[in-house]
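Down below is the structure, laid out as structure tokens.
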Amino acid sequence: MVATRLLGETERRPGRGQTEGALSLAERMPRLVLEARRVSTSLAHGLHGRRRAGPGESFWQFRPFVTGEAAARIDWRRSARDDRLYVREREWEAAHNVWIWIDRSASMGFASDLALAAKVDRALVLGLALADTLVEGGERVGLLGLTRATASRRIVEGLARALVADEAGLTEDLPPRASPGRFDEAVLMSDFLTPLDRVGAAVADIAGRGSRGHLVQIVDPIEESFPFAGQAVLHDPESGHELPIGDAGGWGTAYRRRIAIHREGLAEIARARGWTLTIHRTDRPASEAALRLLTLVAASRGAA
Amino acid sequence: MLGPLTFAAPFALAALAALPVLWWLLRVTPPRPKRIAFPPLRIAADLLPERQSPARTPPWLLILRLLAAAALILAVAGPVWSPSGIGATGARTPLLVMIDNGFTAAHDWRTRMRVAQDAVEGAARDGRPVAVLATAEPAAPVEARQPAAALERLRAVAPRPHLGDRAAHLSSITAFLEKQAGAEIVWIADGVADAGDDLAKGLGPLVARTGAGLTILAAERPPALALSAADAGGRLTARVLRAAPNGRDAGLLRALDAKGLPLAEHDFRFAPDATETDVGFEMPVELRNAIARIEVAGERSAGAVTLMDERGKRRRVGIVFGGTADQAQPLLAPTYYLARALQPFADVQEPRGAKGVAESVAQMLDGQVSVLVLADVGAMDEETRARVAKFVDEGGVLLRFAGPRLAAGNDPLVPVRLRRGGRSLGGTLSWDSPKTLAPFAPESPFAGLVPPADIGVRRQILAEPDGDLPSRTWASLEDGTPIVTAEKRGQGLVALFHVTADTTWSNLPLSGLFIDMLRRVVGLAGSAAPAAGQGGPAAVLAPRLTLDGFGALGSPPASAVAVSADYGDRATGEHPPGFYGPPDAGIAVNALRSSDTLKPLDLAALTGARTGSLAGAETLDLRAGLFTLALMLLVLDTLAALWLGGFLARRAGRLRGRPAVLALAALALAAAIPPGPARAEEPPANRPNGIESALVTRLAYIVTGDAAIDEASRAGLAGLTQMLATRTALEPGEPAGLDPAKDELAFYPLIYWPIAPGRPQPSEAAIRRIDAFMRNGGTVLFDTRDALTSRPGGPPTPETAYLRKMLATLEVPELEIVPADHVLTKAFYLVDSFPGRYDTGQTWVEALPPAGEGGERRPARAGDGVSPIVITSNDLAAAWAVGKRGEALYPITGGDQRQREMAFRGGVNIVMYTLTGNYKADQVHVPALLERLGQ
């Protein structure tokens, strides 16, 4: 008989294991520097115009004042130190970011012994690895509704810390209401075991300003196959609901039909908004999903 | 009743009929279904199960539970397996349990007792009154009681140290059987015929007349061994007896002294169908005289023990010298040679304060000597001569030596007629050379002894050449002249050495031959036991130590009665075997006379009796086994229910992924098995009792059981050992850790004892051993390690309190703080204190005798020996402790590194002091001696 287990709240937080797993996964990712071809002037606004002076908020450099510039641009504090006049330049900040959301609710803590890892483990590793690879490629990454998008070198640790601090996220099984910018992208990782209308509403919220996104459904193998037979009592870790079934084999047939319908509904939600749906089973290696996601993100960038 | 299987509560078996109902009940109540956590349930909660297949209990589980129920019901019914069928008749008539409890039953007493208890318990199950009769006890009326009371009575029965007298009980049995019609008798017999007329002869008609049922339980062949010892012909002979050949053909006899130490062991072996065998002990007479007890090894029975009293032991020899009482040269007196020659094997008595020969002889004869030696005694007055003659007639040995006085006198108390005067050989006026002894004739008591060639007889007295002279001659010179003659008179013997007992006439008293000859002569006195007193009434001796039925010596029971000094019979109930009278003049009474034999019990007269074997007669109560079986089945059932509910699988699944957990579990299992003695893992050189310990001087410490302290002690003594090896001529071995209760302490000059207040106090035995160690010159260095925490005048620290409690029962000399001139401060280094990790504590040693008043002030003083005890609180071992690379392991207080050096110097001094004692104190005289030599 397949044995199952549920992770507790503390286990569902990212720990050193997940962080290191994410980093090592990110290292194995091809260094897609989200090709330079996408760094075109046409995309200058919003894509890769960073690392240069421009409109932005953070300091970039002081440069000597050129005669003819507006005097208001002179940084008097710096200029007072010597005889020259300096202008403070700010980094050109792009408003285009990748927002990641990782479901850490109780249902994500589920693992059967057919799986390589619990669903939440897999989601954390995937999300953090994605963040690291994207930052490496020059993107800014943030957690939806939790952090700002940054391009920090230590993005994995930063995100992990934010996740640990977020207690509310341990019970939420849908992304928070947040509106990313028009050119931002959202990556939502969950098992999406929520009624379809609620999922649809959440996606509609996020996609409200035209941002695009990717749904990643993490699935435990027995959630697909339901390999039980005989008498059993099923219980739902989130709602506490219990269902005694006398003949698990017969019930499984109906269940598998239901799951297929649910998945079709998810795909429909994604398609309606121009999003993508990735289904990842936890008995498959994480790199599969990571590669696919990177390709999807890169492709959507190219299309933008 | 199913053959030998009976039930205490057979009605409980009716519950077995309810098992089918249980079957049905269990079938419709299946075990709890497995519970599966399943998150997708939320989106599929409305999927109602299509059909509910009714769950059934699996058949194997059903069978398991039914078996458990059946085992429980059977156990409640109280099944008992009793092959002998005692107490299983269901009748309510009384039961008489007769149990033989003479010493012949002691060998397998536990078996007998169990069989008897089974019989009583069987009667208790049937509710029958029970009477218990122990056949070796004095006869008493037999009455039936409640089984519980009878069981109490039975438990009080113990084997008696003498043969029983079964026939004495016949009348009470008769009375019992006539009163209780239809009673049943169970006789647990030992199979050995007893002292009196046999009970069987009387019992047969009685049983036939009263119609009582009789069951006899006995081993097929009585297994008991017994021992009767007889001292015959100067050789200790023990006779091992058995009633019938019983397969126990070989064994071991052991001779022990009065303190219970084994002196000799000898195998014995029966011929296959013999019932007795003789074993002779060949041993020197001195050793033989020390034997107090001979026993059959491993045979716990009073009959297998023979006690030896003084009667068969060292002869008393009285020596009377005819010369002047006040010898100017006592070392040249004849008595001196005689006493020295006789002492190894005889109890030599010499007259005290007697004036003349007559008084001396009277004193000797009053002292009940068995050999009277008269050295150069001439004429005796009539009365004395009559007493001596009577003494010889009654079996005494009179041994006379010639001399000037005998040669001058005329005396009938000699074996042969003597010529007046003597002859002189090898003198200045004689042509003859001193004559030596001829080889002894085979019929002589001295046969077998070889006279050395250098014996020279210069002078002797001569016998008249009568016709019977050759038959009375025990030894003669080369020329045939008799030199030792003897004659039997009455029960006794008169022997004469024709030379003096000193060296004036010959050098015979200087030779080893003299001792051997005397030994033979004294040995002849063996069969002639001296009559007690002067014909008055025999003395009465009170019991001192008696044997119990198992052959263990103890204080006499209240029923023991004194015996007369000439008691020679076997032991009885009134006179249990044991020692009677004072230790040096008492007698021993044994369970068997030396002429006794054991005979098998004749049961031929009891034709109607059922007989059973003792071995298979045990009753087996099956309740415990059935309850255990039911319990185990229930445990199995619980496990199965857990497994069916999916709990075990989850656990196992988790374990499967974690080999470390499995390994841990295996380890825990291994740890649960009690480990062997940890000592076995110690390196052989460190074993405290090995021969290495005796060969190498080494320091030792007491293992307190506190691992940190013990490690500090070991490392500390290792450090001090290194330091001693580098700085002094002493190279000690590796330090040894000791357990004072177990290990031999004598190998170690100095034992370091750190006080661990958390540990229990050493046992009383350990304290006594430490006491002996200190008394025999060892030194114990107690370290309370509390100099940091103790305050002068404050309450004692736990360590101090522990030490005080421990020393309370030790003999500790008066102590003082080490004075400045104590030799301990000068034994190797000149030190003034003994710091360890701490330097504030004081060091205490045995107080020296006060310095002489006004005497020269010497730089070092010492007592006579080494102080047996040194007490410090400075934690010396921690200051000495070094690691593998020689680094110090523990910091010292104060931080002055010199303190560690001083600690080592103090330690070297302590070791040197224990090894050399007051040697250094004597060395202070060396300058004065050198100065004197130089002059």
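The values are calculated or read from the model by the stated rules, or taken from the named source; none is laboratory data. Bear in mind the structure is a predicted one, so any value in this text is a computation, not a measurement. No Cβ is skipped: glycine too gets one built from the backbone with ideal geometry, and neighbour counts run over all protein chains shown.
Among the residues of region A:194-222, which ones are free of Cβ contacts under 8 Å to residues at least 60 places away in the same chain and part of a helix (DSSP H, G or I)?
Scanning region A:194-222 gives A:197, A:198, A:201, A:202, A:205, A:208, A:209.
So which of A:123, A:131 is away from every other protein chain (no Cβ under 14 Å), crowded, with 24+ Cβ neighbours inside 10 Å and in contact (Cβ under 8 Å) with a residue 12 or more places away in the chain?
On the way: A:123 fails: away from every other protein chain (no Cβ under 14 Å).
Of A:123, A:131, the one residue that is away from every other protein chain (no Cβ under 14 Å), crowded, with 24+ Cβ neighbours inside 10 Å and in contact (Cβ under 8 Å) with a residue 12 or more places away in the chain is A:131.
Scan region A:245-260 residue by residue and report those that are within 7 Å of chain B (Cβ to nearest Cβ) and not hydroxyl-bearing (Ser, Thr, Tyr). Quick ask: steps written out before the conclusion?
First, pick out the residues of region A:245-260 that are within 7 Å of chain B (Cβ to nearest Cβ): A:245-247, A:250-251, A:254-255, A:258-259.
Scanning region A:245-260 gives A:245, A:246, A:247, A:250, A:251, A:254, A:258, A:259.
Taking the residues in region A:232-243 that are outside any loop (DSSP other than H, G, I, E, B) and facing chain B (nearest Cβ under 7 Å) as candidates, determine which candidate is surrounded by the most Cβ atoms within 10 Å (Cβ to Cβ).
First, pick out the residues of region A:232-243 that are outside any loop (DSSP other than H, G, I, E, B): A:232-235, A:242-243.
Then keep just the ones that are facing chain B (nearest Cβ under 7 Å); that gives A:232-235, A:243.
Numbers: A:232: 21, A:233: 17, A:234: 23, A:235: 18, A:243: 19.
The qualifying residue surrounded by the most Cβ atoms within 10 Å (Cβ to Cβ) is A:234.
Every residue, every condition in (1) modelled with pLDDT of 85 or more; (2) aromatic (Phe, Trp, Tyr); (3) surrounded by 18 or more Cβ atoms within 10 Å (Cβ to Cβ); (4) not assigned by TED's automatic domain parsing to the domain that holds residue B:289, yes or no:
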{"position": "B:326", "(1), (2), (3), (4)": "no, no, no, yes"}
{"position": "B:336", "(1), (2), (3), (4)": "yes, yes, yes, yes"}
{"position": "B:374", "(1), (2), (3), (4)": "yes, no, yes, yes"}
{"position": "B:380", "(1), (2), (3), (4)": "no, no, yes, yes"}
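Which residues, taken from region B:131-154, are within 12 Å of residue B:99 (Cβ to Cβ), touching a residue at least 24 places away in the same chain (Cβ under 8 Å) and outside any loop (DSSP other than H, G, I, E, B)?
From region B:131-154, those within 12 Å of residue B:99 (Cβ to Cβ) are B:131-137, B:150, B:153-154; that's our starting set.
Okay, now just the ones that are also touching a residue at least 24 places away in the same chain (Cβ under 8 Å), so B:131-137, B:150, B:154.
Correct list: B:131, B:132, B:133, B:134, B:150, B:154.
Inside region B:259-277, can you point out the residues that are part of a loop (DSSP other than H, G, I, E, B), surrounded by 14 or more Cβ atoms within 10 Å (Cβ to Cβ) and at pLDDT below 85? Talk me through it step by step, then tell me what you get.
Filtering region B:259-277 for residues part of a loop (DSSP other than H, G, I, E, B) gives B:259-261, B:270-275.
When the remaining residues are screened for being surrounded by 14 or more Cβ atoms within 10 Å (Cβ to Cβ), the result is B:270, B:275.
Hit for region B:259-277 is B:275, nothing else.
Out of region A:77-120, which residues are buried (at least 24 other Cβ atoms within 10 Å of the Cβ) and part of a helix (DSSP H, G or I)?
Scanning region A:77-120 gives A:107, A:108, A:119, A:120.
Could you grab me the full set of residues in region A:194-214 that are crowded, with 16+ Cβ neighbours inside 10 Å, more than 11 Å from chain B (Cβ to nearest Cβ) and within 25 Å of residue A:253 (Cα to Cα)?
none
Examine region A:91-99 for a residue that is closer than 30 Å to residue A:284 by Cβ and either among the β-branched types (Val, Ile, Thr) or modelled with pLDDT under 80 (or both), and state whether such a residue exists.
Scanning region A:91-99 turns up at least one residue that is closer than 30 Å to residue A:284 by Cβ and either among the β-branched types (Val, Ile, Thr) or modelled with pLDDT under 80 (or both).
Starting from residues that are touching a helix residue (DSSP H, G or I) at 6+ places or on another chain (Cβ under 6 Å) and crowded, with 18+ Cβ neighbours inside 10 Å, keep the ones in region A:244-274 and report whichever is modelled with the lowest pLDDT.
First pass over region A:244-274, keeping only residues touching a helix residue (DSSP H, G or I) at 6+ places or on another chain (Cβ under 6 Å): A:245, A:255, A:258, A:262, A:265, A:269, A:273.
With crowded, with 18+ Cβ neighbours inside 10 Å added as a condition, the list becomes A:245, A:255, A:262, A:269, A:273.
Numbers: A:245: 81, A:255: 89, A:262: 92, A:269: 92, A:273: 87.
Checking each candidate, the answer is A:245.
Of everything in region A:215-231, what is at pLDDT 80 or above and facing another protein chain (nearest Cβ under 7 Å)? Give them in sequence order.
Residues of region A:215-231 at pLDDT 80 or above: A:215-228.
Within region A:215-231, A:223, A:228 meet the criteria.
Tell me, please, whether a residue that is part of a loop (DSSP other than H, G, I, E, B), in contact (Cβ under 8 Å) with a residue 24 or more places away in the chain, away from chain B (no Cβ under 14 Å) and out of contact with any Lys or Arg (no Cβ under 6 Å at 6 or more places or on another chain) can be found in region A:182-193.
yes
Looking at B:813, B:792, can you tell me which residue is closer than 16 Å to residue B:868 by Cβ and at pLDDT below 85? I'd like the intermediate steps shown before the answer.
On the way: B:792 fails: closer than 16 Å to residue B:868 by Cβ.
Testing whether each residue is closer than 16 Å to residue B:868 by Cβ and at pLDDT below 85 leaves just B:813.
Out of region B:577-633, which residues are at pLDDT 80 or above, in a loop (DSSP other than H, G, I, E, B) and β-branched (Val, Ile, Thr)?
Within region B:577-633, B:597 is the sole residue that qualifies.
With respect to residue A:146, is the statement that it is of a type outside the set (Val, Ile, Thr), in contact with a Phe, Trp or Tyr (Cβ under 9 Å, 6 or more places away or on another chain) and surrounded by fewer than 24 Cβ atoms within 10 Å (Cβ to Cβ) true?
On the way: of a type outside the set (Val, Ile, Thr): yes; in contact with a Phe, Trp or Tyr (Cβ under 9 Å, 6 or more places away or on another chain): yes; surrounded by fewer than 24 Cβ atoms within 10 Å (Cβ to Cβ): yes.
Judged against the criteria, residue A:146 is a match.
What tally of residues in region A:149-193 results from selecting those that are surrounded by fewer than 20 Cβ atoms within 10 Å (Cβ to Cβ) and of a type in the set (D, E, K, R)?
9
Take the residues of region B:29-48 that are in a loop (DSSP other than H, G, I, E, B) and among the hydrophobic types (A, V, I, L, M, F, W, C): which is farthest from the other protein chains (Cβ to nearest Cβ)?
Residues of region B:29-48 in a loop (DSSP other than H, G, I, E, B): B:29-33, B:38-40, B:45-48.
Going one step further and asking which of them are among the hydrophobic types (A, V, I, L, M, F, W, C), we end up with B:38, B:45, B:47-48.
On the way: B:38: 4, B:45: 6, B:47: 5, B:48: 9 Å.
Step by step, filter region B:29-48, then rank; the result is B:48.
Considering each residue of region B:779-810, count those that are buried (at least 21 other Cβ atoms within 10 Å of the Cβ), under 30 Å from residue B:747 (Cβ atoms) and aliphatic (A, V, I, L, M), and give that number.
3
Return a yes/no flag: does region A:87-98 have any residue that is assigned by TED's automatic domain parsing to the domain that holds residue A:224, under 30 Å from residue A:236 (Cβ atoms) and within 16 Å of the chain's Cα centre (by Cα).
Checking region A:87-98: not a single residue is assigned by TED's automatic domain parsing to the domain that holds residue A:224, under 30 Å from residue A:236 (Cβ atoms) and within 16 Å of the chain's Cα centre (by Cα).
Have a look at A:245, A:261 and point out the one that is under 24 Å from residue A:200 (Cα atoms) and β-branched (Val, Ile, Thr).
Values: A:245 fails: under 24 Å from residue A:200 (Cα atoms).
Exactly one of A:245, A:261 is under 24 Å from residue A:200 (Cα atoms) and β-branched (Val, Ile, Thr), namely A:261.
Would you point out the residue of region B:49-65, among those that are modelled with pLDDT of 65 or more and in a loop (DSSP other than H, G, I, E, B), that is nearest to the other protein chains (Cβ to nearest Cβ)?
In the first step, residues of region B:49-65 are kept if they are modelled with pLDDT of 65 or more; the result is B:49, B:56-65.
This time we only want the ones that are in a loop (DSSP other than H, G, I, E, B), so: B:49, B:56-58.
Values: B:49: 4, B:56: 10, B:57: 12, B:58: 11 Å.
Here the answer is B:49.
Out of the residues in region A:1-18 meeting the condition of being polar (S, T, N, Q) and surrounded by 16 or more Cβ atoms within 10 Å (Cβ to Cβ), tell me which one is nearest to the other protein chains (Cβ to nearest Cβ). Before you say what the answer is, go through the steps one by one.
Residues of region A:1-18 that are polar (S, T, N, Q), as a first pass: A:4, A:10, A:18.
Pick out the ones that are also surrounded by 16 or more Cβ atoms within 10 Å (Cβ to Cβ) and you get A:4, A:18.
Working: A:4: 5, A:18: 18 Å.
The residue in question is A:4.
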